[in-house]
Each structure stands twice: as C-alpha cells, then as structure tokens.
1. Sort through A:K276, A:K334, A:K315, A:K300 and tell me the only one that's surrounded by 12 or more Cβ atoms within 10 Å (Cβ to Cβ), part of a helix (DSSP H, G or I) and at pLDDT below 90.
2. When the stretch A:485-512 is examined, which residues are found to be crowded, with 19+ Cβ neighbours inside 10 Å and more than 22 Å from A:L187 (Cα to Cα)?
3. Tally up the residues in the stretch A:616-638 that are closer than 14 Å to A:N37 by Cβ and either surrounded by fewer than 16 Cβ atoms within 10 Å (Cβ to Cβ) or among the polar types (S, T, N, Q) (or both), please.
4. Find the residue count for the stretch A:493-519, including only residues that are at the interface with chain B (Cβ under 9 Å from one of its Cβ atoms) and among the basic types (K, R).
5. Looking only at the stretch A:51-83, filter to residues that are of a type in the set (K, R) and outside any helix (DSSP H, G or I); which one of those is farthest from the chain's Cα centre (by Cα)?
6. For residues in the stretch B:2-23 being within 8 Å of chain A (Cβ to nearest Cβ), within 16 Å of A:R516 (Cβ to Cβ) and among the aliphatic types (A, V, I, L, M), which is nearest to the chain's Cα centre (by Cα)?
7. Can you work out which of the residues in the stretch A:174-183 that are open to solvent by 20 Å² or more (accessible area, probe 1.4 Å) and in contact with a helix residue (DSSP H, G or I) (Cβ under 6 Å, 6 or more places away or on another chain) is nearest to the other protein chains (Cβ to nearest Cβ)?
Amino acid sequence: MKLQELTICNFMPYKGEQKIEFPQHETQNVMLLFGDNMRGKTSFLNSIRWGFYGLAVGRHLRKIPLINLVNSIAASEGDWSMSIILRFSHEGRKYELRRKVDKKPHVSIPKNDGDFEETIGLKIDNQVVTGDLIVNEINKVTPEEISRFFLFDGELLQEYENLLVEQSEQGDKIKEHIEQALGVPALINGRNEFTSLLKDARRIQARDAKNSSDAKMYAEQQRVNEVKQVTLEKDVSDLEIQQRDIQKQIDDIEDQLKNTEAVQKKKYELDVLKGKRETIEVQLAYDADEQRKLFQSSWKDVLFKGVQPLVTELKAKRDSLLTATKAKAVLDSKISDLQKSLDMPICPTCTQDIPQNEMNVIEHRIIELKAEAELSHVNLDDVTEINAQIDKLSKIQSSNEGRRICELVSKQRKMQVNIIKIETDLDDIEDEIRGFDTDQIMRQREKKSKLGNQLFKLENDIKETNIKLNKLGDSQAHISTLISKSTGSEGQASTIRVNLYQDLEVLFKTSINELRDGLREQVADYASHAFSELTTEHTYTGLEINKNYGLSIIDHTGNVLKERSAGAEQIVALSLIDGLNKTARKSGPIVMDTPLGRLDPKHRGNVLKYLPKMADQVILLVHEGEIDPSRDLSHFAERIGARYQIERISSTESQIVRSS
Amino acid sequence: MTNKSDPLAVLLRLNSKLGKNIDEELIKECYQIQKEHQYDKDRNTVTKIQAIVEERVLEQQGTDLI
C-alpha cells in the first residue's frame, strides 16, 4: 500500500481544507512534516488513523470523542462537519476513501458521538464499493490490528519496555496487538471456533449415546460435565468483565495521576522555593541585627581616621619627654661626680692633688652640664597628662564598620532581589496548581493500590477457573473417546464429527504456540539486523527476544545488558517496530510521530540513515529539536521526497504548508 | 515468510508431528477461511467451517453431501 494524498477538513487544529501529497518516488520516499509541540503533529497522525478506521486515539490508546475532533473554531462558527479523504494505491489498484461526520440535523450543539452522523465511502479504480464491504476492503489492504506498527507515536515507544516485564498488564496488551498484527488470530480464531463447534458436537454425541445401553452412562456424565462447563465459562466471563472494569478504573486513575505528576513536581518546587525564601529571610534578619550593632559603633570608624595621627603625635611627644628625662638623669649624675672632685680635689686613682687649672676646667664643665641639664628638664605631670590623653584617644578603635555596613547593604539588596524572584516564581506555581487537591491525589494513589490488589486476585481466580475448565475439557475428551468406542457409536456421524473437531482443535491449539515461537524468532532476526545498524555500540552482539516479544540487548560476552539508557530503549523499540513491520506485512508506509525524542546526535544520525529503509514510504512528524534542518538533513537528504511545515495560525488553528 | 512463521506450514507440520492424520486439504480449507477473515469485524466463519467439516463427516460415513 502506498499513500498518495490526504485531504483534511476541519479535523482538530486543521480548519478548512488542507491537502498533503505523499512522496511516490522509490528512493526519495521520506516525507518530513515539521511542527512545534502542540501544533498538530499527533493530530495529523490521527487524521490518517481516523480516515482509515474511524478512530482517533489519545493516551492509553483511548478513543477521542468526535466532539473533540471537530475543529473548535469551525464548530464555534456553526460548522460541525469534518472529513478526511485518503487516496492510496495497493497492488496496482487505486483507492479513494472518504470519511465524513456532521452533526445530526435535529441537534443544535452536539454533546456526544451519538449526536453525529458518520458516512464512509470507498472507490476502488473508480468503482463504488457498497457500505458493508468497505471495512473488509480496508482490512484487506491495511488491517487495523497492524496500524499500531505503522501509525505510531514515538512518545509511546517506552510502552515497549513493558514487554520485558513478564505478566505486566500493559505488556500483555501490546503482546496481544503484536500477535494480531502477525497473523496469529487466524489460528486463535480457528481454535476458538473448533472449541465452540466441538462443544455442540459433543452435545449431539451425548444425545445419540443416550439411546445406546453401553454409552448411556457416559452420556449422562457428559451432560453433567456440560452443565459444569457452562457454569465455569460464565464464571470466567463474569470475572473478565470485572477485570476489565477494574483495569479501566486503574487506567483512569493513572491518567489522572499522570496529569497530576506535573502538579506534584510543582508542589515540590513550591516547597523548595518556600524553604529558600525562609533561609534568605532568616539571613536578612541576622544581617539587619549585625547592621544595627555596626551602626552603634560606627562613629568610632568615622573618628578613627582623625584621631589616629593625634595619638601618634602624642606618643612621639611622650617618647621625646621620656628621652629628655633619661638624658637629664645622666647629666645630673655627671654633675654630681664632677662636684665631688671640686669638693675633694684629690685624684681617686693616684691620690695626688688636682692642680688648680684642672679644677677650673671641672668647674667650667659643671657649669656647662648644669646649663644642659636645665634645658633637659621635664615636667613629669606633662607625661602623665599625655598618657591620659593617649589612653582616652586609644579607646577610639575602628572595626571597619563603614566597609562592613556597605557590604551588608549590598548583600541585603541582592537577597531582596532574590526574594522578589522567588515570590514571582511562587505566584506562578501557585497559579498553575490552583484548583488541584493534593490530598485527593494521595487518596487516588491508595485507591489504585487497592484496585491493583483486587485485579491480582481476579487474575488468579480467572487462572484457577481456566485450569478447572481445561481439566473438564480433558475429561470431556476422555468420555467422548469412550463413547466413540462403545458399541453402536463407532461410525456414527456424531462420533466422526466429535473426532474431527477434537483433532482440529488440538492441532490449531498446538500450532498457536509453535507459530508464536517461529514469529518471535523472525522478529528477533529482523530486529537484530536493524539494531546493528542503529546502535553506535558495535560490541553488542544482537537482541534476544522473550515470550512477550520484549527485546534485550546482548553484550560482547553473550550476557543480557541489565541497565539500558533511555536512548538505548528507543533504539531497541525502533528495532522491534522494524522487526514487527517486516514480519507482519510485505509493504506499506510508516508514519512516525516524534520518533527521535530521546536520542543523542550519533544515534539520531544512524536512525535517520536507516529510517528510509524501514518502509516504502516513511512519513516523519518531527519538531526541529529532533531533526535540526540545518544539521541533520544531510544524513538522508537524497531520500527526502517532500517536506511540509505546520504553521501556527492561532492556539487552536494550524495550517500545513509545503516547504522547499 | 519462513516455514516457521507461516501459519499454514506450522499446521501441516504439526499435523504430521502429532500423528493426527487430518486430511491436509481440510486443514488448508479451514486455515484459508480463517486467514481471509481474521481481521473482519463481523466475520461469520463458523458456518463456513461447519459446512466443510460436515462434508467430511458425510464422506467418512460413506455418503456424499451432493
């Protein structure tokens, strides 16, 4: 199958009619549709899905109601019509599929899907296909069950990680989808129908056996078994209804919690910011106290500069006075010694009399010294006075109060700016989470946990009831054999029929597991090949597949790699998609929404080189963060056949334009 | 599609392996019906299967439906 043209009208953000032509070239088979987040990439994917299957899906593959699909601006203008026209070719034939909805004539404003009228039309080579055959014709070309692997949302790639968890609810769902895509339903449906036909055949056989004396007893046993079987089957059916109901409740809560995850994060940010604000406020109070203390003694810092030279001067003066005092004491001592010579003019060394002329010299010297001593006279009160002044002035000490106050003021200013920023952030966050009840979130978590326990119990009950049913089936088969061998039953139509259905049921049942093993092996081969081209770590030897189709990376020692990065997960998921696609169908397009979100540049380069080889047509819905047009297009420029851009008209309206 | 991943090939191989000896044509016919309608929403394959099997029942009884 090859997509040729898509015409969208009033679908989600696309108001009015918009036409997209898909590349038809064999090698230039890639179409790029660039669009920022919230502009309509997923809506584009959904427009194709809705066109083919009348279904647009959101998270958890939930159906989006029609009222949310019709462009809101058109609806507000009274136009509730919406349509998709898909032109495509398949095995040499041209298809034109039209799907349209409009509100029912008597409805003024639609409230649910029931208020809309849906029409579908299909032409094959210009021949109109009648209504009831349209769905079957579409399924022949591109079964809805396979759509998961060619219309896929890259943001959901992480779902495939659940395949690695044995018996996980989501893993089981995906496994079921995979097996539907791989053609296992042919055998599963066959087995189910043979089981049902066998039940009827046994009933007829038992009825016939009632007429035989040999087999009468077995017939009665078979009748009792049949009653038991009906009861057990009803039990399983009831349990499965409960299981689905509980699973739906869990999904709903998960959706709600997913939405509140952002609120939880914001709440945490709010608490952190409040903590920061409190710390700053404590610091501001402490600094204000410090500033007050500094102001109390700041006059000292102001006076200190003037007082300091005065103190130095006084100290110098005091030192000079003390030096003079010492000098006078020395002079007085010398005068005293000379005076002694005058008083007793005998030499103390030779005891001779000192001559008069010498005595005159001494006398003269004493006069000189006394004059000198007179000059060195110091009033000690002056020293005391200076000391007192020094003491007083020395009390004026600076602790750099001025500088420290300036620093504190600057610090306070910064902290106040921080507080303003924090308070702005707090206001923003409070606005964002206003209306969310965080206690309610906790209650929902508890409820989910309780429902999880109930689900676990139900799963066990279903398993046990199925075991009983299987045992009963064995017993019924055994009794059937006994009836078949009893006199008169052999060769009877009812016995032949039972034997045939029994054999066919066993054959189809056994073949399902055998086929699953073969398919897994093939998916693993294709996926390993893709992985070897996508990974940047060439020491990995390949991928190993589990019963759920979950893939593990095998390292160079042959062991399973236990920890995988987000990028590696995405590469493995893409490899699986490739493996499934190649196993499930011979040809067809792939439409991928945001497939490169978690990849580093090297892996992105590898993926971009490989993607054109994944299918005949590859339609990539990307934002410029995933594929940078100026840098990444070189990886596969020669494979690009068409390039479009989603342009924003308003928050609820976008337009797709072709770009060069 | 390899032998291991082809449902019909698996059915035929297991028929022989399990010693069921179901007529290969019957298996092929049953599988073909299921294959053609495996993705049909409103498939009514039971009656078709029933018709094929009933024909075999009559054959084995020695009477042909026609």
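The values are calculated or read from the model by the stated rules, or taken from the named source; none is laboratory data. Computed from a prediction, not measured in an experiment: that's the story for all the values here. Reconstructed Cβ throughout: ideal geometry from the backbone, glycine too, with neighbour counts over all protein chains shown. Protein only, heavy atoms only, side chains kept; ligands, DNA and RNA dropped before computing areas. Shrake-Rupley method; radii C 1.70, N 1.55, O 1.52, S 1.80 Å.
1. Every option except A:K300 fails the conditions.
2. Hits for the stretch A:485-512 are A:S486, A:S489, A:Q492, A:S494, A:T495, A:I496.
3. Of the residues in the stretch A:616-638, 2 are closer than 14 Å to A:N37 by Cβ and either surrounded by fewer than 16 Cβ atoms within 10 Å (Cβ to Cβ) or among the polar types (S, T, N, Q) (or both).
4. Final tally of qualifying residues: 1.
5. Among them, the one singled out is A:K63.
6. Step by step, filter the stretch B:2-23, then rank; the result is B:L11.
7. The residue in question is A:Q180.
Quick grid of which residues meet (1) in a helix (DSSP H, G or I); (2) of a type outside the set (V, I, T); (3) open to solvent by less than 90 Å² (accessible area, probe 1.4 Å):
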| site | (1), (2), (3) |
| --- | --- |
| A:A324 | yes, yes, yes |
| A:K328 | yes, yes, yes |
| A:P348 | no, yes, no |
| A:M359 | yes, yes, yes |
| A:D391 | yes, yes, no |
| A:S398 | no, yes, yes |
| A:I405 | yes, no, yes |
| A:K411 | yes, yes, yes |
